Amino acid sequence: MTKPKRMINSQIILKAFLNVLPSEPGWVVIHSSIIHLNISGDDFKWEFLKIVKNLVERGYTLALPAFTFSFCSKGYFDPLKSKSEVSILADWAMELYDSTRTKHPIYSHVLIGPNAKEALEASTISCCGKESIYQFFERENATICMLGIGWHA
């Protein structure tokens, strides 16, 4: 028997983020799995977008993985049209007028916040190593947050 989906208030999750984020705003990379939160996706979309807007207004810059592993077999990637294959949250954030997406065809990220443009120059040659998005996150001392999923994923 499946559990009924529950409603979630954006203030609860916002408070959880603020409890783990540095007080000095910076980069935040959010890995997620809303299925593990047992909440309704339709209802959560608008609550999540409220959280994003709130964090950005506080000065944080967010990166949401929007990986497209199918590029390896299909050879197609369009930063504006390709849907994330790992995070519905990235697709939702991409709907916001001030979001953007990195150009790596496999390991792209949706970015939103005051410093988002800084990461757009990350290399597309490799996802790791010199000038990659992950080197950028390391250099910027980005905070990694897990929402609905643990480090095993």
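Looking at segment 94-122, which of the residues that are among the hydroxyl-bearing types (S, T, Y) and open to solvent by 30 Å² or more (accessible area, probe 1.4 Å) is modelled with the highest pLDDT?
So the residue we want is T100.
Could we say that K103 is of a type in the set (K, R) and touching an Asp or Glu at 6+ places or on another chain (Cβ under 6 Å) here?
No, not satisfied.
Only one of these conditions is not met by K45: (1) crowded, with 20+ Cβ neighbours inside 10 Å; (2) among the basic types (K, R); (3) within 18 Å of L14 (Cβ to Cβ). Which number is it?
K45 satisfies every listed condition except (1).
Do the conditions hold for V86, that is, is it among the β-branched types (V, I, T) and under 23 Å from L120 (Cβ atoms)?
Criteria met by V86.
Any residue that is of a type in the set (K, R) and farther than 26 Å from H152 by Cβ - is there at least one of those in segment 8-24?
No, segment 8-24 contains no residue that is of a type in the set (K, R) and farther than 26 Å from H152 by Cβ.
Among all residue pairs at least 6 apart or on different chains, which show Cβ distances below 6 Å where the first residue, located in segment 128-153, is over 20 Å from N115 (Cβ atoms) and the second is open to solvent by less than 40 Å² (accessible area, probe 1.4 Å)?
L147/I30; L147/S32; G148/S32; G148/S33; G148/I34; G148/L37; I149/S33
Quick one: would you say T124 is hydroxyl-bearing (S, T, Y) and assigned to a loop (DSSP other than H, G, I, E, B)?
So T124 passes the test.
Could you run through segment 124-152 and say how many residues are out of contact with any Phe, Trp or Tyr (no Cβ under 8 Å at 6 or more places or on another chain), open to solvent by 50 Å² or more (accessible area, probe 1.4 Å) and farther than 19 Å from A66 by Cβ?
Residues flagged as out of contact with any Phe, Trp or Tyr (no Cβ under 8 Å at 6 or more places or on another chain), open to solvent by 50 Å² or more (accessible area, probe 1.4 Å) and farther than 19 Å from A66 by Cβ within segment 124-152 amount to 6.
If only one of L89, L18, L14, L55 is assigned to a helix (DSSP H, G or I) and open to solvent by 50 Å² or more (accessible area, probe 1.4 Å), which one is it?
Residue meeting the stated conditions: L18.
Within segment 60-71, is even one residue outside any strand (DSSP E or B), more than 14 Å from the chain's Cα centre (by Cα), under 18 Å from N115 (Cα atoms) and modelled with pLDDT of 95 or more? Even if it seems obvious, please write down each step before you answer.
First, pick out the residues of segment 60-71 that are outside any strand (DSSP E or B): 60, 66-71.
Next, from what is left, pick out any that are more than 14 Å from the chain's Cα centre (by Cα): 69-71.
In the following step, the residues that additionally are under 18 Å from N115 (Cα atoms) were identified as none.
So far as segment 60-71 goes, no, none of its residues is outside any strand (DSSP E or B), more than 14 Å from the chain's Cα centre (by Cα), under 18 Å from N115 (Cα atoms) and modelled with pLDDT of 95 or more.
The values are calculated or read from the model by the stated rules, or taken from the named source; none is laboratory data. What you are looking at is a predicted structure, and each value in this text was computed from that prediction instead of being measured. Virtual Cβ from ideal backbone geometry, glycine too; neighbours counted across all protein chains shown. Quick note on the areas: whole protein, heavy atoms, side chains included, nothing else; ligands and nucleic acids left out. Shrake-Rupley method; radii C 1.70, N 1.55, O 1.52, S 1.80 Å.
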